[in-house]
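A quick write-up on the structure given underneath.
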Amino acid sequence: MKDRHRRPKIGSAAPVKAQAQRAPAVKAPAPKKEPRPAPEAPARPLMRREGEKPAERLPVILETAGSDQYRLIDSGAGEKLEQYGPYRIVRPEAQALWQRSLPDSVWDKADALFTGDTEEDGMGRWRFPKAALGETWPMKLLDVDFHGRFTAFRHVGVFPEQLAHWSWMREKVETAGRPVKVLNLFGYTGVASLIAAAAGAEVTHVDASKKAIGWGRENQALGRMEKLPIRWICEDAMKFIQREERRGSKYDIILTDPPKFGRGPNGEVWHLFDHLPLMLDVCREILSPKAIGLVLTAYSIRASFYSIHELMRETMRGAGGTVESGELVIRESGIDGKDTGRALSTSLFSRWISA
């Protein structure tokens, strides 16, 4: 997110000549009082962890292939062509450095194209070459219904590469043989929360955006899943987990998908490189004695997966288990979903698993 409060440029104005006669003094208007930002949650020091680091597995490439509801049709020249339910969509993709495999005639048949800022969080607008489309449309992944959505930030309400984590989580919940509590931090539109709850978990979903929480509830209603045990909480993630630590709350699986930069509902500021170590440290403290896993995904950062891998291993010292880290990728599958094309990397991840 770009800083809206740029400082004025100093020293660029031309010097002003002295006036022969002094102008009458004019009382300057009193400056407007800016609302004071809410105080941030007091940051506790990082724990000094003892014991052996967990075993490690790297690099791990978690791949998402196509399905009848989603597939990466083609990519190249800085863009990607995807199928989301009934629609073909073209969006910017900086990592698609190669040339397109399919001819322009295929790309030209897209139902929607995102135009504008090519940055991950840059604003823009959608263009609909064939006919105007509504803001939302129905989709289904891992047997969960939700709405795809054309947003101003080129996203469409779901990150399909996360299917690799969601499939792992669903299998762990279904085979646990006991009640499982899942915490979904930075939960966005709630698809992961609905998948976890449908598998039998008790879910706490946290996001600082009221709009995202509203979308999550809409998705829950779309699938007639209102009776599933999901707590929808609109709050700054760091404030929430620090309060849960003080309360002694525990979770068996924690999913965390933090942005590079963000703001909480009361002006709290999140910077990934500044706050990630403490966030993981607190997450470690609220993992249950029979914890199953802690999953971190990192988008749009200039770092190696080794950095978050080593951070996760240091955080989980003495906990046993294994830390596996690498990248999430989506495999091209062509127009009909039967081809095997190139792998498009979307994000870094690190995942601690107890066994």
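Based on the alpha-carbon gyration tensor of the range 224-355, what equivalent-ellipsoid semi-axes (square roots of 5 times the eigenvalues) come out, in whole Å, largest first? Write down the numbers at each step before the final one.
Details: eigenvalues 148, 75, 64 Å².
So the equivalent ellipsoid measures 27, 19, 18 Å along its semi-axes.
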Highest-first arrangement of 220-229, 127-136, where packing means the average Cβ count within 10 Å | 220-229, 127-136
Could you tell me the distance between the Cα centroids of the range 126-161 and the range 298-341, to the nearest Å?
-> 25 Å
Links exceeding 32 Å between C-alpha atoms in this model, out of LYS109/LYS227; LYS181/LYS210; LYS53/LYS210; LYS227/LYS250; LYS109/LYS260, come to LYS109/LYS227; LYS53/LYS210; LYS109/LYS260
Within the chain, the percent of DSSP beta bridges that are antiparallel, given to the nearest 5, stands at 60 percent
The equivalent-ellipsoid semi-axes of the chain, taken as the square roots of five times the Cα gyration tensor eigenvalues and listed largest first in whole Å, are 37, 31, 21
Of ALA343, MET238, VAL173, which is farthest along the charge dipole of the chain in the positive direction, counting Lys and Arg as +1 and Asp and Glu as -1 at C-beta?
-> MET238
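Mind ordering 43-54, 206-217 by average Cβ neighbours within 10 Å, highest first?
Numbers: 43-54: 12.1, 206-217: 19.4.
Highest to lowest by the protection proxy: 206-217, 43-54.
For the chain, calculate the relative contact order in percent as a whole number, restricting contacts to Cα pairs under 8 Å that are 6 or more residues apart.
Values: 697 pairs, mean separation 70.1, N = 355.
Relative contact order of the chain: 20 percent.
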What dipole magnitude, in Debye to the nearest 20, does the chain give about its Cα centre under +1 on Lys/Arg Cβ and -1 on Asp/Glu Cβ?
-> 1700 debye
Take each of the peptides 303-315, 152-164, average the number of other beta-carbon atoms within 10 Å over its residues, and list them starting from the highest.
-> 152-164, 303-315
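Taken together, the values in this text are just the output of simple stated rules run on the coordinates, not laboratory data. Nothing here was measured: the structure is a model prediction, and the numbers come from that model. When we count neighbours, we look across all protein chains shown, and the Cβ atoms used for this are built from the backbone with ideal geometry, even at glycine.
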